[in-house]
Amino acid sequence: MADLSPQPRPLVFADLHLHSKFSRATSSQMEVASLHYWGRRKGLQLLATGDFTHPEYFRQLTEQLEPDESGFYRLRGAGPDVRFVLSAETSHIYKQAGKTRRVHMLFLARSLETAREINRALASRGNVASDGRPIFGFSARHLCELLRGIDPETLVIPAHIWTPWFSVLGEQSGFDSLEECFEDETGFLAAAETGLSSDPEMNWRLSQLDRVALISNSDAHSPSRLGRECNVFRGPLTWTDLGDILRRKDRERFRFTVEFFPEEGKYHWPGHSACRRSASPAEYREWGGRCPVCGKPFTGGVASRVEQLADRPAGFVPPEAVPSVHLIPLDEIVAEALGKKPASKGVQRVWDQLVEQGGSELEILLFAPENQVAEWAGGRVAEALMRMRRGAVSAVPGYDGVYGRIRLFDDEAAPADVAPDAGQLSWLEAGPRR
């Protein structure tokens, strides 16, 4: 088992992209009080609010949040264990260079006053009340210019940069580089979000991304999905610190990111869900990007798009790369260990017991000793957790909106020659790569 104790404490686990109940297809529980509760359960110390551009949700934020000495906000009357940063996501659909572009943008505001000014500016350019993630007809570059003019401390981040249909580098509607999209505003970007279907290791293959911090977030639409991807900083953390870390002025404090296994993302491989066919990047090229069943174009995948744009070989590690850890949500680990569905009462009971005993989900996933987990939840659950920590999983990649599957107990998931202390977390014993 990997020993994570050398990691300097305190650590701040930050999920900087999620949505409120005012976004489409989102749980009614996605509001501040519920986010606070689930943030504590997950082990997150900093949470995005999501959707501050929506008028009704912004009104709730002004009523339910109070400023904190850190420069962030906290639930009014609650303690400082979970803080909030004001966040929003916008969708931009516009024509550039003869092609329709669809780019999603994430941004973080330093104060309610700044958010109010942003909302006024956006309301004059589109219908901000239609959805928690409003749609605009102006460019992503123009958004950067607008936000920089309102408050240059605003942190602007291209969201899930590889998603085929709605991202800056997406195969179906994006660009081939950040500079092509943002032009003279490229330097204003604070970071880039890798998304669920890619991880930092894939992004390291593009030298053009060396200029931005690579961050990972849940993009959660329900509370139980908080923290499925997140960022880990050395604390304590203030708003000013966050800006310095993301703008790479204080690189040492960005310790690592928590990731999905990217194969689980629903756009990892190219594919055609109607025919239930997916393709590896090599097959995608071989088949000319078309489904071998019906002949229609595949929806491009993140892995194939990375291959198209990469100027470095697989396995390349930049000198200042921030490492990552690939995890599986705790309820899914318990479910596979017990042979039940994640929503079953038996799984929920064990999940609750582990979180109560260990303090939070992330504490269990990353730091809990194997013997302690076995005592709390049984040897089968402890073994499943150790397999995940070793990276001893088997994967069926997701494609065209279909989530992939990560398995812990398939025959190929845990070869006999994998040592108990080997695997993906071993770098933490000596500290992150530099």
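Please compute the contact order of region 1-156 in relative form: average sequence separation of alpha-carbon pairs under 8 Å and at least six residues apart, divided by the residue count, as a percent.
Over region 1-156, the number comes to 22 percent.
Distance check, please: which entries in K266/K296; K95/K296; K21/K42 exceed 21 angstrom between their Cα atoms?
Listed pairs above 21 Å: K95/K296.
Given a Förster distance of 35 Å, report the FRET efficiency between Q29 and L112 from their Cβ-Cβ distance, rounded to the nearest 0.05.
Rounded to the nearest 0.05, the efficiency is 0.95.
Estimate the FRET efficiency between Q348 and H142 by the formula 1/(1 + (r/R0)^6), using the beta-carbon distance for r and 35 Å for R0, to the nearest 0.05.
That pair, Q348 with H142, gives E of 0.15.
Please report, as a whole percent, how much of the solvent-accessible surface of the chain comes from carbon and sulfur atoms (probe radius 1.4 Å).
Carbon plus sulfur share of accessible area: 48 percent.
In terms of modelled amide H atoms, which long-range or inter-chain residues lie less than 5 Å from the amide H of R405?
Hits under the 5 Å cutoff: V396, G398.
Using only the alpha-carbon atoms of region 182-233 as identical scatterers, what base-10 log of I(q)/I(0) does the Debye formula give at q = 0.20 Å⁻¹?
For the requested q values the scattering log ratios are -0.78.
Express in whole angstrom the spacing between the alpha-carbon centres of region 174-230 and region 98-163.
Their Cα centres are 16 Å away from one another.
In square angstrom, what is the accessible area per residue of the chain with a 1.4 angstrom probe?
39
In deg cm²/dmol and to the nearest 500, what is the mean residue ellipticity at 222 nm of the chain if only DSSP H runs of at least 4 residues count, each as -39500 (n - 2.57), divided by the residue total?
The per-residue figure over the chain is -8000 deg cm²/dmol.
What is the gain in length, in nm to one decimal, between W287 and R251 on full extension, counting 0.36 nm per residue of separation less the C-alpha to C-alpha distance?
So the chain would gain 8.7 nm between W287 and R251.
Short version: what are the Cα gyration tensor semi-axes of region 175-323, square root of 5 times each eigenvalue, largest first, in whole Å?
So the equivalent ellipsoid measures 31, 18, 13 Å along its semi-axes.
Between A274 and R405, how high is the FRET efficiency from 1/(1 + (r/R0)^6) when r is the Cβ-Cβ distance and R₀ = 22 Å? Nearest 0.05.
Step by step, r from the Cβ atoms, then E = 0.70.
As a test question: what accessible area, to the nearest 10 Å², does K340 have when a 1.4 Å probe is rolled over all protein chains in place?
So the heavy atoms of K340 present about 100 Å² to solvent.
Among all the aspartates and glutamates, which ones have a C-alpha under 16 Å from K341's C-alpha, if same-chain residues fewer than 8 places away are not counted?
K341 reaches D331, E332, D352.
Mind pulling up the Rg/Rh value for region 110-226? Radius of gyration and Kirkwood radius, both on Cα.
0.96
Which residue, V156, V393, V103, tops the fluctuation ranking in a GNM of the chain built on C-alpha contacts under 10 Å?
Largest GNM mean-square fluctuation: V393.
If I build a Gaussian network model for the chain, linking alpha-carbon pairs within less than 10 angstrom, which residue out of A78, A392, A14 has the largest mean-square fluctuation?
Its mean-square fluctuation being the largest, the pick is A78.
In the full protein assembly as shown, how much of T299 is accessible to a 1.4 Å probe, in Å² to the nearest 10?
Answer for T299: close to 20 Å² accessible.
In whole percent, what relative contact order does region 20-90 give with Cα contacts below 8 Å and a gap of six or more residues?
33
Candidates (1) 56; (2) 36; (3) 32; which is the computed percent of Cα pairs over 33 Å apart?
Among (1) 56; (2) 36; (3) 32, the one derived from this structure is (3).
Amide H neighbours of L65 under 5 Å, counting only residues 5+ apart in sequence or on other chains, H built in-plane at 1.01 Å?
For L65, the qualifying residues are R76.
Among L47, L196, L354, which one moves the most in a GNM of the chain with springs linking Cα atoms closer than 10 Å?
L354
Once amide H atoms are built 1.01 Å from N in the peptide plane, which residues 5 or more positions from F84, or in another chain, come under 5 Å H to H?
When sequence neighbours closer than 5 places are left aside, the close amide H contacts are L47, Y73, R74.
Using 0.36 nm per residue of separation minus the Cα-Cα distance, give me the extension gain between R211 and K99 in nm, one decimal.
37.7 nm
Using packing as a proxy for protection, rank 120-127, 254-261 so that the peptide with the highest average count of other Cβ atoms within 10 Å comes first.
The peptides rank, most packed first, as 254-261, 120-127.
The values are calculated or read from the model by the stated rules, or taken from the named source; none is laboratory data. Since this is a predicted model, take the numbers as computed values, not measurements. Backbone-built Cβ (ideal geometry, glycine too); neighbour counts: all protein chains shown. Side chains are part of the model used for accessible areas, which takes the heavy atoms of the whole protein and leaves out ligands, DNA and RNA. Shrake-Rupley method; radii C 1.70, N 1.55, O 1.52, S 1.80 Å.
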